[in-house]
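A.B. asks: This is the structure I have questions about; it appears just below.
The values are calculated or read from the model by the stated rules, or taken from the named source; none is laboratory data. A quick note: this is a predicted structure, and the numbers were derived from the prediction, not measured. Here the Cβ positions follow ideal geometry from the backbone for every residue, glycine too, while neighbour counts run over all protein chains shown.
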Amino acid sequence: MKIMFVCAGGMSTTITAKKLEEISKENGVAMTVNAFGASGYLRQLETEQYDVLLVAPQIRHRFDAIKEECAKFEDLIVDKIPPNMYAPMDPIVKKLFDYIMAKINA
Amino acid sequence: MMERLMLWLDEKFSTPMAKLSEQRHLRAVRDGIVGTLPIITVGSFFLIIAFPPVPADTALALWAKAHGATILLPYRLTMYMMSLYAAWGIGHSLAKSYDLDGVSGAQLAVVAFLMTMVPRAVDGLGWALPMANLGGSGMFVAIMTSILAVEIMRFVYKSNFKISMPEQVPPSVARSFKALTPTAIVVVLMTFITFVFGFDWHGVVTKIMAPLVTTSDTLFGVLVPVGLITVFWSAGIHGASVVGSLARPIWTVLLDANAKAVADGLPLPHIAPEPFYQWFIWIGGAGSTIGLVLLMAFASKSVYSRSLGRMALAPGLFNINEPLIFGAPIVLNPILIIPFILTPIVLAIISYIAMAFHLVARPFIMAPWTLPGPIGAFVATGGDWRAIVLSVVCILIAMIIYYPFFKIYDNKQLALEKEDH
């Protein structure tokens, strides 16, 4: 399963992305998580297939615009990372992992 | 009470304001100028090579002095004409936002911007365009003309504006004429404004914007964006990206003026271009959180605070602090928000005074924002060792201000951990 994080520059999300990969592995789910900046993520989506796109909370005011740009990718789940699940600490990322799994299985 | 106030601020102020910054023209300006940052950064480094931070009688300094004009040529063609690159980016981004061809929008924006200047025939040189207004001082004109050009393009394509052709003309020919229309309107319009009526774009716009530029370089003009950015972050919104949409054009004007002064061997006129904020206020990220991270990593009693501090330390050294902001969390946290807003204000006042009295050199180089604070401060000021001292002093002050709030936070975490066991 491939997950994309989008934040302002793609820097801070990289750290959480790494952690999420670890946690998903511990929970027996193979996740590839990549982080991109708001200005470059679209190009990436056009070249690579992703299952889920999550917008980091600090740019949640851009969520509507991003969601609109993603409308053409039909199977892509687009959502926000809840602010209380966005820090690369084990228990916090575990919550994020559960959150994503619930979205996928919904 | 405090929590309700925070929620109210988030709902009524930061979220609507942040949404406003997503307005398409503001977004185009932001994207266009952000797109030029690599050009500005790399270009500005040639200023350090031309004026190396070493004693004047060393071999390096003598070599740089002998070849100064040549060393500065890359700077002249990059940072020195940043508004030209910005015009391209603004036009591209705005056209894309209207679902129009990005490259056409970019090119038309550049045409409109260049047509605010009057080329002259110079003996022995041919036709020459004075370069000064291609730089930061032309930024506001570049913004205006780029928007104008793309809006004309949109008007032609999206409205029912049409050049009617006789029935016999094949549709593809009619279309090719239509593609010429926006360019023709822009070129003719700019010809009339600039060359026929002789409107002095750069003189007039500079005069109109002068109060804003001057104010942005005062202590008050520094404290307003500093306060706004931390208030945004307190609600978990990327403050620099929101406030920067509006303020960055002005900051680049200040930076450009400082760089020009250095290249010309004059004293630096401004204190507060963007690197001032980056290296003397946002040390460790917005909120000057390097102070909090160091305390958490090395003075925590609670397990959570300590492990969060240790995890956030490495990114924090490179000015990335989202792990801390969302991990502590600082967002909507009535205790930690107080020093998060207060510390940058104190650091801004101290650093501003230090530079106003020339105790520390003023910034003129756009160092990459992910450099560790003291190193970035050293580079941004063209290699002033006193900038390192100021940066370290700022870090110590940040630790002092954060300390009492850190203690409350740490004790609270400790109490929670004891409850769990």
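One line per residue, one yes/no per condition, for (1) surrounded by fewer than 17 Cβ atoms within 10 Å (Cβ to Cβ); (2) more than 14 Å from every other protein chain (Cβ to nearest Cβ):
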| residue | (1), (2) |
| --- | --- |
| B:Pro211 | yes, yes |
| B:Thr214 | yes, yes |
| B:Pro225 | no, yes |
| B:Thr230 | no, no |
| B:Trp233 | no, no |
| B:Leu246 | yes, yes |
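A.B. asks: May I ask you to list the residues in segment B:296-328 that are assigned to a helix (DSSP H, G or I) and surrounded by fewer than 22 Cβ atoms within 10 Å (Cβ to Cβ)?
C.D. replies: Matches in segment B:296-328: B:Ala297, B:Phe298, B:Ala299, B:Val303, B:Tyr304, B:Arg306, B:Ser307, B:Arg310, B:Leu313, B:Ala314, B:Leu317.
A.B. asks: May I ask you to say which residue of B:Val360, B:Val331 is in a loop (DSSP other than H, G, I, E, B) and free of Cβ contacts under 8 Å to residues at least 60 places away in the same chain?
C.D. replies: Working: B:Val331 fails: free of Cβ contacts under 8 Å to residues at least 60 places away in the same chain.
One residue alone meets the criteria, B:Val360.
A.B. asks: Let me ask something additional. Within the bounds of segment B:38-53, is there any residue that is within 12 Å of another protein chain (Cβ to nearest Cβ), closer than 30 Å to B:Ile365 by Cβ and of a type in the set (Val, Ile, Thr)?
C.D. replies: Restricting attention to segment B:38-53, the residues satisfying the condition of being within 12 Å of another protein chain (Cβ to nearest Cβ) are none.
No.
A.B. asks: Could I ask something else about it? Take the residues in segment B:363-421 that are within 17 Å of B:Glu274 (Cβ to Cβ) and among the polar types (S, T, N, Q), then tell me which one is surrounded by the most Cβ atoms within 10 Å (Cβ to Cβ).
C.D. replies: Checked segment B:363-421; the qualifying residue surrounded by the most Cβ atoms within 10 Å (Cβ to Cβ) is B:Thr381.
A.B. asks: Taking the criterion of being out of contact with any Asp or Glu (no Cβ under 6 Å at 6 or more places or on another chain), surrounded by fewer than 16 Cβ atoms within 10 Å (Cβ to Cβ), in a helix (DSSP H, G or I) and not aromatic (Phe, Trp, Tyr), would at least one residue in segment B:85-97 satisfy it?
C.D. replies: No, segment B:85-97 contains no residue that is out of contact with any Asp or Glu (no Cβ under 6 Å at 6 or more places or on another chain), surrounded by fewer than 16 Cβ atoms within 10 Å (Cβ to Cβ), in a helix (DSSP H, G or I) and not aromatic (Phe, Trp, Tyr).
A.B. asks: Okay, moving on. If B:Val156 meets every condition in (1) exposed (fewer than 13 other Cβ atoms within 10 Å of the Cβ); (2) in a helix (DSSP H, G or I) apart from one, which number is that one?
C.D. replies: Only one criterion is unmet by B:Val156, namely (1).
A.B. asks: Shifting gears a bit: Six or more apart or on different chains, Cβ under 8 Å: which pairs go from a residue in segment B:397-410 that's under 14 Å from B:Ile350 (Cβ atoms) to one that's polar (S, T, N, Q) and in a helix (DSSP H, G or I)? Could you list them?
C.D. replies: B:Ile397/B:Thr343; B:Ala398/B:Thr343; B:Ile401/B:Thr343
A.B. asks: Suppose we filter segment B:43-67 for residues that are part of a helix (DSSP H, G or I) and surrounded by 15 or more Cβ atoms within 10 Å (Cβ to Cβ); how many remain?
C.D. replies: Of the residues in that region, 10 qualify.
A.B. asks: Could you go through segment B:231-247 and let me know if any residue there is assigned by TED's automatic domain parsing to the domain that holds B:Val360, small (Gly, Ala, Ser) and farther than 23 Å from B:Thr78 by Cβ.
C.D. replies: Looking for residues that are assigned by TED's automatic domain parsing to the domain that holds B:Val360, small (Gly, Ala, Ser) and farther than 23 Å from B:Thr78 by Cβ, one finds none in segment B:231-247, hence no.
A.B. asks: Something else now. With respect to A:Lys103, determine if the residue is among the charged types (D, E, K, R), under 21 Å from A:Ala30 (Cβ atoms) and buried (at least 16 other Cβ atoms within 10 Å of the Cβ). If you could, list the steps in order and put the result at the bottom.
C.D. replies: Numbers: among the charged types (D, E, K, R): yes; under 21 Å from A:Ala30 (Cβ atoms): yes; buried (at least 16 other Cβ atoms within 10 Å of the Cβ): no.
The answer is no for A:Lys103.
A.B. asks: Taking the conditions exactly as written (over 18 Å from B:Tyr75 (Cβ atoms), out of contact with any Asp or Glu (no Cβ under 8 Å at 6 or more places or on another chain), away from chain A (no Cβ under 14 Å) and among the acidic types (Asp, Glu)), does B:Asp57 satisfy them or not?
C.D. replies: It is true that B:Asp57 is over 18 Å from B:Tyr75 (Cβ atoms), out of contact with any Asp or Glu (no Cβ under 8 Å at 6 or more places or on another chain), away from chain A (no Cβ under 14 Å) and among the acidic types (Asp, Glu).
Here's the yes/no breakdown for (1) free of Cβ contacts under 8 Å to residues at least 24 places away in the same chain; (2) under 17 Å from B:Val222 (Cβ atoms); (3) touching an Asp or Glu at 6+ places or on another chain (Cβ under 7 Å); (4) within 13 Å of chain A (Cβ to nearest Cβ):
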residue	(1), (2), (3), (4)
B:Trp251	no, yes, yes, no
B:Leu255	no, yes, yes, no
B:Asn258	no, yes, no, no
B:Ala272	no, yes, yes, no
B:Tyr277	no, yes, no, no
B:Ser300	no, no, yes, no
B:Met311	yes, no, no, yes
B:Leu324	no, no, no, yes
B:Thr343	no, yes, no, no
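A.B. asks: Quick one: A:Ile66 ticks every box in (1) in contact (Cβ under 8 Å) with a residue 40 or more places away in the chain; (2) over 14 Å from the mean Cα position of the chain (by Cα); (3) surrounded by 18 or more Cβ atoms within 10 Å (Cβ to Cβ) except a single one, so which number is it?
C.D. replies: (2)
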